[in-house]
């Protein structure tokens, strides 16, 4: 999400040296490019909510410094290093996920993107990618949630997020909501062929008889996570992926 050397990047230790100092994160929010926007920006716009939120963060940070014996600066630098390491790891894993997706190993891709989300929950791309995998696995509820998370996390590929959520809603038989997402996707990406085709497909489905509509929905019955992964298999895969790389 951030460019190398970007002084406003809150995950780059160099950001601490930015002339804006503590205002750096506020600059990100105002610019609409923070990984915390738009939800956090909206929340911070409410004085009562923002005050409570900030007070809780300060209390938690103070409790952690008391436990670790760190100064404020030491704590900030350590957290930035940890975030940077986690983001580097998730970016590395993403390549594995992309490769697995390309060859149709959707179970592996799902596990990889789950690990990426665990490491870098602020990054919308991983939720967006897992939504695509979830569609392939017929995990439509998961696809809806992941696409919604990607939308909530910022403006990154919002058209794709709306499109994928629309696809999942369509398979779930929630055609009104699917239409809303398709229309929003088309508004963000006018003339996109895939979106136009799905809108046309939705129109076709609505023109079918009730019996045929029911048959179509039944033919696309959603799967459950337990249908895809055996007991503890997903957890085991993710834990294995999260292990530090051997040097």
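Rule-based calculations on the coordinates, nothing more; no lab input. The structure displayed is predicted, hence computed values, not measured ones. Neighbour counts run over all protein chains shown; Cβ positions are idealised from the backbone, glycine included.
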Legend entry - Distance between modelled label sites at residue 180 and residue 214, nm, 7 Å Cα→Cβ extension: 2.7
Inset, instruction - Sort 144-155, 191-202 for me by packing, meaning the mean count of neighbouring Cβ atoms within 10 Å per residue, highest on top. - result: 144-155, 191-202
Legend entry - Segment residue 242-residue 92, extension gain: residue separation times 0.36 nm, minus the distance between their alpha carbons: 52.9 nm
Legend entry - Cα shape, segment 104-242, gyration tensor, a/c 1.5 rule: oblate
Inset, instruction - Would you please give the FRET efficiency between residue 232 and residue 61, computed as 1/(1 + (r/R0)^6) with r the Cβ-Cβ distance and R0 = 35 Å, to the nearest 0.05? - result: 0.50
Inset, instruction - Give, in nm to one decimal, the length gained when the segment between residue 68 and residue 51 is fully stretched (0.36 nm per residue of separation minus the Cα-Cα distance). - result: 3.6 nm
Inset, instruction - Quote the relative contact order of segment 104-242 in percent (integer), defining contacts as alpha-carbon pairs under 8 Å separated by 6+ residues. - result: 24
